[in-house]
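Undergrad: Here it is, the structure in full.
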Amino acid sequence: SSYGGVGLMQTPTARFSDDGEFAFGISSDKPFNRMYSKMQFFPWMEAVLRYTEGEFEAYNPGSEQTWKDKGLDLKFRLLKEDKYTPELALGLRDIGGTGAYASEFLVASKLVNNFDITLGLGWGGLGGIDHLNNIIGWIDEDRKERGGYSERGGRISLERLFSGENTSIFGGIEYFSNIPDLSFKFEYDTSDYSRVEGKRVKFNQDSELFKVDSRVNYGINYRLNLGQRDKVDLSLGYLRGNTFYANF
């Protein structure tokens, strides 16, 4: 995905890399540019370190350098896919620091012939559409309001996890074509693009700076096998109904 973890484009899936696999890459979907590294530490755990550039604001007032943000993501396998049950995973995106892209999700993926079908529940950054009232808020009233941000970063915010007003339902399909290593992606993106959490800048979805014309994203991915172990994924897509996307 554009965030560096195994996924579609803006949304995650319940899939994992091979145990011990290391990856690094770059992605771009204006006004965001990202560099990331990913490690499959265990068969059941994925970790991503990410550095994001936002072209919409200076790093400090008067600075010529653009805004930057570091992030850490973790994803855990809860259930392995078999003939009748899907793969199930729990994920924490941008769990520390400013929490600019902080999201939590529970996601399931099931392979049906050549179609890998994904359906998930998202909080925070993935909870941008009011599908459901926060289901965790039914248990803990304090989780109905999202907080726990640190403008300077540097700490893990447990109180932020699974909080907020909304729980959104996201999903998508990856179709593995008959052409080897070529797949097509389609997703329903519930990301909260109206704001960057914890920042002074607030994105207005109707402003000239940032618009969401569609919640449906499309993409294509080609895997280039360089050898027995080394491979490169090349991805192109169209996001938000107005933005081209590339990932390497």
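Read-outs: derived from the displayed coordinates by stated rules, not from any lab. The structure displayed is predicted, hence computed values, not measured ones. Note: ideal-geometry Cβ built from the backbone for every residue, glycine included; neighbour counts use all protein chains shown.
Undergrad: Could you compute Rg(Cα) / (2.2 N^0.38 Å) for the range 1-88, with N its residue count?
TA: This ratio for the range 1-88 stands at 1.30.
Undergrad: Let me ask something additional. If you take the charge dipole of the chain about its Cα centre, with +1 on Lys and Arg Cβ and -1 on Asp and Glu Cβ, which of TYR218, LEU182, LEU106 is farthest toward its positive end?
TA: Ranked along the dipole, the leading option is LEU182.
Undergrad: Further, regarding this structure: Among LYS144/LYS211; LYS68/LYS185; LYS38/LYS68, which pairs are too far apart, with a Cα-Cα distance over 24 Å?
TA: The answer is LYS144/LYS211; LYS68/LYS185.
Undergrad: Straight-line reach from LYS110: which aspartates and glutamates fall under 18 Å, measuring Cα to Cα and dropping same-chain residues less than 8 apart?
TA: ASP18, GLU81, ASP82, GLU87, GLU174, GLU187
Undergrad: Can you compute the modelled spin-label distance between ASN60 and LEU226, with each label point 7 Å from Cα toward Cβ, in nm?
TA: The answer from the label model is 3.8 nm.
Undergrad: Where the only charges are on Cβ atoms (+1 Lys, Arg; -1 Asp, Glu), what is the dipole of the range 18-150 about its Cα centre, to the nearest 20 debye?
TA: Dipole about the Cα centre, nearest 20: 120 debye.
Undergrad: Right, next: If you place +1 on the Cβ of every Lys and Arg, -1 on the Cβ of every Asp and Glu, and leave all else neutral, what size is the dipole of the chain about its Cα centre, to the nearest 20 Debye?
TA: Here the size comes out at about 240 debye.
Undergrad: Among 178-186, 87-95, what's the highest-first ranking by average C-beta atoms within 10 angstrom per residue? Walk me through the numbers on the way to the answer.
TA: On the way: 178-186: 13.4, 87-95: 21.9.
The peptides rank, most packed first, as 87-95, 178-186.
Undergrad: Let me ask something additional. For the pair LYS68 and LYS83, how long in nm is the line joining their label points, each one 7 Å along Cα→Cβ?
TA: 5.3 nm
Undergrad: From the P(r) of the chain, could you give the percentage of C-alpha pairs in the tail past 27 Å?
TA: Here the long-distance tail beyond 27 Å is 32 percent of all Cα pairs in the chain.
Undergrad: Run down the aspartates and glutamates and flag those whose C-alpha is under 15 Å from the C-alpha of LYS83, throwing out any fewer than 8 positions away in its chain.
TA: ASP116
Undergrad: As an exercise, find the ratio Rg/Rh for the range 40-167 from alpha-carbon atoms, using the Kirkwood inverse-distance average for Rh.
TA: With Rh from the inverse mean 1/r over Cα pairs, Rg/Rh is 1.04.
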